[in-house]
Amino acid sequence: MSYFLTQLANGLSYGLILGLIAVGFVIVFTSTGVLNFAHGSVLLTGAYLVAVLQDPIGFWAAVLVGIAGAALLGVLINAVLVRNLAEANPGTAAILMLGVDILLLTELTRRIGNRVLPIGAPWGADVVTFGGITLPTSRAIAAGLAVVVFGVLWFLFARTGAGVAMRAAAADGDTASLMGIRLTRTGAAGWALAGALAAIAGIFLASFPSPGIAPTLALTAFAAIPAWVLGGFDSVVGAIVGGLIIGVVTALAVGYESDLHFLGRGLGEVVPYAVMILVLLVRPSGLFGRQEAVRV
Amino acid sequence: MSDLLRRLPLALGVLVAALLPLLATDFWLQAGLFAMAAVVGAIGLTLLVGVAGQLSLGHAFFAALGAYTYAWTAGEIGGRAAGLGLPPVLALVLAGVVAALAGALFSPISGRLRGIYLGLATVGLVFLARHLMVNLETVTGGFNGRTVAPFAVPGFSFSNSDPDYVAVAGVEFEGLHRLWYLFLAVVLLAAWLGRNLKASRTGRALANVRDSEAAAAAMGVHVARAKVTAFVLSSAYAGIAGALMALAYGRIAPDLFGLQLSIDFLIMIVLGGVGSIAGAAAGATFVVLLPLVLVQYSSELPFLASPGSGGLEAATLARLLYAAAIIAVLLFLRGGLAGAASRLRHRRDHSPPDTGGPPPVPPPDSTDPAPAHPGVPPRSKETTS
Amino acid sequence: MKHRTRTTLALAGTIALLAACSTEDPDAGGGGGSAEGDVETGSGVTDDTITVGMLTDLSGPFAAGAAVQVTQTQAFYDRLNEEGGVCGRDVEVEVQDHGYDPQRAVSLYRSMAPNIVALQQVLGGPTSAAVLPLAEADGMYLGGHGWAGVALEYENAQIPGTTYSIEGANAVDYLVDELGLAEGDKIGVVYFVGDYGSNSLEGAQHAAEERGLEIVPQEITPRDTDLSAQVSALQQAGVSGVILAAAPAQLASLAGVMASQGMDVPIVGNTPTFGPSLLETTAGPALLENFYTVTSIAPYSLDEPGVEEARELYEAADPDGELGWEVPLASAQARLLTTALERACEEGDLTPEGVVAAMRQTSDLDTEGLFATPLDYTEVTEPPTRTVYVSRASADAPGGLEVLGTVEGPSAQSYTFG
């Protein structure tokens, strides 16, 4: 039983981190209509900044720089590239982001090399134990922080003028624009928010139990895509729930692989996508996605 | 006049492609084979994206299916990995058929999802494919892959043997040369079919669905069926492309059919100009050849560091340039390569350049949160000719 | 206008068909190369140079380690050329970057093949798997493709040491004979699916059957850098040792999580699992406590003439470079090819086929410690040796590994190929 609970706790905490990434996908998508394939390299940039700066300026200052840097990078990508597309539609924007991803990743790979850069977090390799479950301290903090972040997001979107403007822009850009909402501003805010969330996720993904920053960290953002999709492309709540589902299912598939041997080896890799396809079969627009109005 | 002008480049292109093997080195032949395989897949995808407004990131899955179907059905009976020993021609057709069937099986999703949503859902197929390729060892050879039987028609093999020696105009035609003409024929057939399809009743129905599902339905188009048709067709193209890739490699393994392949197909059609068959061909050639050419020749540049010394190396520079080229096309060429070419043509014809470009599109800020189609293509001339 | 197009097409087709379609080979019977002096030469060899190719990954995931190998290979041949080269000729290295993309690797191979006599290296699993059959068809020597057992199917491939499967089998033998595991115990194997990890697993499984142990496999991908779930599963299964066939990032996570869960059991890694920078991560103490590695190639710190020479070359070529197993490996690979070239020269056949034949005549090749035993390449389907080095993590040794000795266990001896 404690084995099951340990795997469950592992899955939930990992799922919350995935949720942070998936929410970034949602916010960029709803605020600017871009499928952000460069999310992974933005995440890696944030984490990389923390890793190289934690020695000279201290961990907490480095964290601030990393988060701000990733947010700024997002804003710049949007302002310099996305808004200057010759032809603005989700298809070309997605390919643009692939180009940006190759650019950033090539440079970061060159800088990081074959080293594994430690993130230097004060929680180190500590673990916490409660009720027979052992969980890395970094994961426990990540889970708590993610919940707080989600709460702040809810407050922002529900209670502040800027948040309401962003929701209005997402729901109907044209109408929002007519009502005086500056879409350039809501777009920039969306990219900044997504970049900051990615950097936070990156810091925890590079903390124990992971050894530190390696270029493969950028690929983790792809792991959040099933979470985003099954939650429903435009729902923040959906992204969080999707992250939790993918996290738990992956952890259990790995944890009980020996009992699921008839399905083949390496289930952890395929299970998130299998779950995603199953959900889409039942609900084509995801768990929390807006049903499209058109019925034909 | 404009008709002639439009056809001339095509005829010239085919002529050059037909004569190239007499001059090209093995490097260009091999790169050309990969490019032509990619062209077939890209045409299939551009039909799906450009004509039907659907998006697929699952092309690697269907390509893998085609590749393994060919290798399995044409494979020797009793070889290292299982084979049926069918004639290669039949195996090539089966590669398309099996991929189409798999596309049809996916119809509960492809018929109900639109545009970019479908694209993300199909990412799942790529990972499913890898799981199957690695685990179904008797057919696929597992992670080490399996060899691919060379293509052959009775009495003539598209490999280095049987006949052992063929020469045309004094140039020895080895496997690469022979395959070149097979690939060229398949590419022309694929382009011709695609073009006819766009102009056909089905093609117009698909375009209606892309523009407005409600309007299409009102005009009597069965929307879900139209979307499934487009998906199935596109899958068949991908299957054939996969079989060609298998022939170009000579040996296939799961690593060849990763998500990167799907992404590359998408880059090809967007760079080329969504919906244009010539654009898909240009985009595929660009994506396959550019990195190779950059790697081949960037090492000649003087300011670069030697490998391992930590400075900016040729290889890194080549990759950065490749990414920069993608970004530049998207920022500066409206309608991709095909759009640019068509504007150039119109300028020559003294007609206003704008008509060749795509219709005005809303700026990114006002993008609908649930955009209906991933790439509204220009209503290119080809649809109406 | 349609007619015009069709006419053009038809014309083009007819020209192609009519243009002297001959099936008589004018070269038939004649050998490829021309005799220069008393040595026959083919592609890649002129009167004063011998060109060898390296197809490596300088922009993809293995760029950093690959660059170390390029540096070291270059340094090796520079020194060799100063000392007079091979067969009275200088050896030149043509380096191309495939970026871990099989399509690029195949195309670049085609461009390289006419200009080189042998391939010093094709780095990477999928890339070397794509190039190997082509090189075999061309009769071209191919080295430096890693240690996957699948290479033993090819006559033209020279594996640098033994296979991952023999490493895996030796790891089990070492766990039983030296680290106190007994019959009935369980061993976890955490591995990358693919020609590397799965090959190591095969060796470990064979050895476990021989020695009466049980294997608990856990498959991962290079993307997995948090192995919490895998470690929990291994702990639940009650393993007394873990074999890792993955990369440094996975090793750090595995060791760190195991320490945090209180799993104090030995970890044995294949050659590519370890990198010295790991000792600076939070997993450092755990690695120093429990990490061992079985390697085909000598670790950086080994005190044997071959390795010392490699170190000296490397420190001159790149004083700030990373001190990993890539350094002795690159020297060893260059040495293997040089030996084959020299022999081919003596035999008077410096064509690509001649180099492969010379490589296959090599037996009892002493590498001054770069490999654990003398090497024998006469049998295609047999690895040249079945002995590996065993080392453990050390804070003091350069490169982070301290050599404990060599192992050739009973199950490594009984493992069969094919």
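Among the residues of region B:43-68, which ones are among the small types (Gly, Ala, Ser) and part of a helix (DSSP H, G or I)? Before the answer, list the steps.
Taking region B:43-68 first, the residues among the small types (Gly, Ala, Ser) are B:44, B:50, B:52-53, B:56, B:58, B:60, B:63-64, B:66-67.
Selection gives B:GLY44, B:GLY50, B:ALA60, B:ALA63, B:ALA64, B:GLY66, B:ALA67.
Being at pLDDT 95 or above, surrounded by fewer than 24 Cβ atoms within 10 Å (Cβ to Cβ) and within 30 Å of A:PRO90 (Cβ to Cβ) is a property that A:LEU219 lacks.
Take region A:71-87 and flag every residue that is farther than 16 Å from A:THR45 by Cβ and without any contact (Cβ under 8 Å) to a residue 12 or more places away in the chain.
From region A:71-87, those farther than 16 Å from A:THR45 by Cβ are A:79, A:82-87; that's our starting set.
Passing the criteria: A:ASN84, A:LEU85, A:ALA86, A:GLU87.
Flag: B:VAL51 does not match the condition of being within 14 Å of chain C (Cβ to nearest Cβ) and either of a type outside the set (Ser, Thr, Tyr) or touching a Pro at 6+ places or on another chain (Cβ under 6 Å) (or both).
Go through A:THR186, A:THR134 for me and flag whichever is surrounded by 15 or more Cβ atoms within 10 Å (Cβ to Cβ), touching a residue at least 60 places away in the same chain (Cβ under 8 Å) and more than 14 Å from chain C (Cβ to nearest Cβ).
Working: A:THR134 fails: more than 14 Å from chain C (Cβ to nearest Cβ).
After applying the criteria, what remains is A:THR186.
Counting the residues of region C:234-251 that are at pLDDT 90 or above, surrounded by 24 or more Cβ atoms within 10 Å (Cβ to Cβ) and in a helix (DSSP H, G or I) gives 3.
The criterion of at least 3 residues that are β-branched (Val, Ile, Thr) and crowded, with 18+ Cβ neighbours inside 10 Å is met, among helices (runs of 4 or more DSSP H) falling completely within region B:167-278, by B:223-249, B:259-272.
If only residues of region A:228-266 that are buried (at least 21 other Cβ atoms within 10 Å of the Cβ) and within 11 Å of chain B (Cβ to nearest Cβ) are counted, the one that is farthest from C:SER228 (Cα to Cα) is A:ASP234. The set of residues in region A:1-16 that are within 11 Å of another protein chain (Cβ to nearest Cβ) and either over 17 Å from the mean Cα position of the chain (by Cα) or closer than 25 Å to B:GLN260 by Cα (or both) comprises A:SER2, A:TYR3, A:PHE4, A:LEU5, A:THR6, A:GLN7, A:LEU8, A:ALA9, A:ASN10.
Quick one: which residue in C:GLY143, C:GLY197, C:GLY161 is small (Gly, Ala, Ser) and either surrounded by fewer than 24 Cβ atoms within 10 Å (Cβ to Cβ) or at positive phi (or both)?
Values: C:GLY143 fails: either surrounded by fewer than 24 Cβ atoms within 10 Å (Cβ to Cβ) or at positive phi (or both); C:GLY197 fails: either surrounded by fewer than 24 Cβ atoms within 10 Å (Cβ to Cβ) or at positive phi (or both).
Answer to the check: C:GLY161.
Can you tell me which condition C:VAL93 does not meet? The list is (1) buried (at least 22 other Cβ atoms within 10 Å of the Cβ); (2) under 27 Å from C:THR271 (Cα atoms), and all the others hold. Every condition holds for C:VAL93 apart from (1).
Each residue in region C:366-393 was checked for being surrounded by fewer than 19 Cβ atoms within 10 Å (Cβ to Cβ) and over 21 Å from C:GLY203 (Cβ atoms), and 4 of them qualify.
Among the residues of region A:203-226, write down those that are aliphatic (A, V, I, L, M), more than 9 Å from chain C (Cβ to nearest Cβ) and more than 20 Å from C:GLY60 (Cβ to Cβ). Of everything in region A:203-226, those that are aliphatic (A, V, I, L, M), more than 9 Å from chain C (Cβ to nearest Cβ) and more than 20 Å from C:GLY60 (Cβ to Cβ) turn out to be A:ILE203, A:ALA224, A:ILE225.
Taking region C:101-123 as the range and being in contact with an Asp or Glu (Cβ under 8 Å, 6 or more places away or on another chain) and more than 9 Å from every other protein chain (Cβ to nearest Cβ) as the test, the residues that pass are C:ASN115, C:ILE116, C:LEU123.
Over 11 Å from the mean Cα position of the chain (by Cα) and either without any contact (Cβ under 8 Å) to a residue 24 or more places away in the chain or more than 17 Å from B:ILE116 (Cβ to Cβ) (or both): does that describe A:ILE200? The answer is no for A:ILE200. Scanning region C:147-161 for residues that are farther than 20 Å from C:VAL355 by Cβ, in a loop (DSSP other than H, G, I, E, B) and either touching a residue at least 60 places away in the same chain (Cβ under 8 Å) or of a type outside the set (A, V, I, L, M) (or both) turns up just one, C:TRP147. B:GLY32 passes every criterion in (1) away from chain C (no Cβ under 13 Å); (2) part of a helix (DSSP H, G or I) apart from (1).
The values are calculated or read from the model by the stated rules, or taken from the named source; none is laboratory data. Predicted model only: the values in this text are computed from it and were never measured. Note that we place each Cβ from the backbone using ideal geometry, even for glycine, and neighbour counts take in every protein chain shown.
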